[in-house]
Amino acid sequence: MRILLIDPGLVPATGHNQAMLQELDAAIREGDGTATLVCACARQVDTRHFAHLACEVRPVFRFHGYARWRASDAAQFASPTFFEDVCIEDLSSLPLQDFDIVLMPTAYPFHLAALATCGERFPQLRIACGLLMPPRFWAADEASVAMLEAAMHRAVLLLGKRENTLLYSESGQCRIGSALVSTPCLLPPASRATLRQMQQLCRDVPSTFGGALRLGFLGQPEVRKGFAHVEALVQAGLPAGVSLTVRLPPGWEALCAKWTADAPAVDATSAPMDNRAFLDAMASVDVVLAFYSPGHHREQMSGIVAEAICLGKPLLIAIGCDALIDFLARQAPGSYLCQPYGLEGLVAALTASPGSWRSRALAARASAAAMQELKSADRYLAIVSG
């Protein structure tokens, strides 16, 4: 089985994109030796960061997956589909006929449109794409939303007519304009080695909280992830009996040093983290913050939710983050606490009774094994391969 992973949003040393590549690479090495993996990423990525992997990483795409798009930029070109056309040209440089499966775990609108177009020439090719975020995620301004929705809509329609295609999401649905598209629910995979790590870390979770309540924020310090409220919490001072662990990607060293120096209850670091280190960091806290902006996460899932449950960790969720809440209500009932989005809601959650968090932790642990199975790379590869 020859697999092509298309990920123009791949960034070294951090994020779900590198975790996806790391876990797929490990899963293929754990297999019977008949599968191979090639990853096509953006041209600006230094592929030497991935030299330790068994797979090949090729810099192919001129547009980075997480570029923010403006309709005004498109207007300067003669073709209204210029961005899409560039992605088609880049994708056409790859020998698609040499692969059995093409995976695009994050469906970037213009790159997805390019794959839908190029896929028409290879009807035997299995294509599996993750509709993880609504098109407006990539819009630099409101005027650009329609352009991105149109590109995504064209791609989904084209792929929907095609046999041998799987469109999935983490939440079971994805909004494209006014349409809410139902999909199979499929989570980012974890290799057998990572599943064993999760199982061990979950066994090590204490059944009751001892001492200070350890809160954890892990990931990009973005507005949509509620980081402004975390900053406000640190500035206001943590409630008595609460500590905060913050793990950020590289580039935030000065902020982390200041927080750690000024606030004794805060342990903040900014450093590269692969997926295994990320899970170790998550395992060190009592409660995982997924206190994200409802405006962004009403219909958009976050991978950290399933990872927390795999480790038996309860979550704090903002009211209105329906994609996260609906997922947890189905897969890990009782494992989360909802509060109104904002500093007041955050403080209220941190001062909840220990018994309240203890019951949620027990519910998370009760759902851990089933969530680990849902994240199994063997399951993921079996489904995407058809």
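Structure values in brief
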quantity	calculated
Spread of Cα-to-Cα distances over 10 Å intervals beginning at zero, given as percent, for segment 79-154	19, 50, 26, 5
Rounded to 10°, Cα long-axis angle of helix 82-91 versus longest principal axis of the chain	80 degrees
Between helix 192-203 and the chain: long-axis angle, C-alpha atoms, 0 to 90°, nearest 10	20 degrees
GNM result for the chain, Cα springs below 10 Å: residue of Ser302, Ser72, Ser284 fluctuating most strongly	Ser72
Relative exposure of Leu103, Leu180, Leu201, Leu289, judged by other C-beta atoms within 10 Å (fewest first)	Leu180, Leu201, Leu103, Leu289
CD proxy at 222 nm, helix term only [per DSSP H run n ≥ 4: -39500 (n - 2.57); per residue of the chain; nearest 500]	-12000 deg cm²/dmol
Segment 155-216: trypsin sites (Lys or Arg not before Pro) in DSSP coil with no more than 15 other Cβ atoms inside 10 Å	Lys161, Arg162
DSSP beta bridges in segment 2-186 [antiparallel fraction, %, rounded to 5]	15 percent
Cleavage-rule hits, GluC sites (Glu not before Pro), segment 87-150, DSSP coil, Cβ neighbours within 10 Å at most 15	Glu120
Crossing angle, helix 227-236 versus the chain [Cα axis fit, 0-90 degrees, rounded to tens]	20 degrees
Exposure proxy order (Cβ contacts within 10 Å, fewest to most) of Val223, Val287, Val156, Val181	Val223, Val181, Val156, Val287
Along principal axes, Cα extents of segment 193-374, largest first, whole Å	40, 33, 32
Neighbour-count order for Leu213, Leu362, fewest beta carbons within 10 angstrom listed first	Leu362, Leu213
Mean separation of Cα contacts under 8 Å, 6 or more apart, over the residue count of segment 76-215: relative contact order %	19 percent
Qualifying chymotrypsin sites (Phe, Trp or Tyr not before Pro) for segment 75-132 [loop in DSSP, other Cβ within 10 Å: at most 15]	Phe77
Dipole of segment 2-186, positive direction: furthest Cα of Ala35, Ala128, Thr81, with charges on the beta-carbon	Thr81
Hull volume in cubic angstrom per residue (convex hull over the Cα atoms of the chain)	134 Å³
Percentage relative contact order, the chain, counting C-alpha pairs under 8 Å, at least six apart	15 percent
Relative contact order (percent, whole number), segment 281-370, Cα cutoff 8 Å, 6+ residue spacing	33 percent
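No value in this document is a laboratory result; all are computed from the given coordinates. Computed from a predicted structure; not experimentally measured. Cβ coordinates were reconstructed from backbone atoms using ideal geometry, including for glycine residues, and neighbour counts include every protein chain displayed.
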